[in-house]
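In what follows, a single structure is set out as structure tokens and then discussed.
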Amino acid sequence: MKYEIKYGLIIAINLSAFVFTCTDGRPVSCCLKIGRSKPPLDKVLNYKIQTKGLCPITAVVIQTVPGKRLCSDPNSDWTKRAMWNMDEAKKNSGSQTAP
């Protein structure tokens with residue numbers, strides 16, 4: 001009985017380490033819930049889409065100028081506008097050439 005519990009704990013610890021680690025060995029940072037914060041769009045620096053898999057929910061992780069990380073609803077109009085603005089800014093900065 002003692003050995004079953006001991007091995008069960010070892011397996012659980014190993015599984016949790018696997019779940020919270022990327023394939024390259026870095027820890028995964030997941031949004032666990034969607035926030036309501038909607039800063040001005042000009043404060044958005046970047047975004048990434050978090051899908052279900054290692055993380056429990058699908059979300060858009062928004063990085064803002066002050067270095068904050070926001071978890072946004074991928075279906076909200078604000079999130080879609082923020083993503084579109086970032087995509088357009090990246091396109092425009094890549095297409096500009098020096099005179």
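One residue alone among A89, A12, A82 is over 11 Å from the mean Cα position of the chain (by Cα), among the small types (G, A, S) and modelled with pLDDT of 95 or more, and that residue is A82. Taken over region 46-68, the criterion of being part of a strand (DSSP E or B), without any contact (Cβ under 8 Å) to a residue 40 or more places away in the chain and either in contact with a helix residue (DSSP H, G or I) (Cβ under 7 Å, 6 or more places away or on another chain) or surrounded by 14 or more Cβ atoms within 10 Å (Cβ to Cβ) (or both) is satisfied by Y47, Q50, C55, A59, V60, V61, I62, Q63, T64.
The single residue among S76, S29 that is at pLDDT 95 or above, surrounded by 11 or more Cβ atoms within 10 Å (Cβ to Cβ) and within 19 Å of the chain's Cα centre (by Cα) turns out to be S76.
The values are calculated or read from the model by the stated rules, or taken from the named source; none is laboratory data. As the structure is a computational prediction, the values presented were derived from the model and not from experiment. Methodologically, a virtual Cβ is constructed for each residue, glycine included, from the backbone with ideal geometry; neighbour enumeration extends over all protein chains shown.
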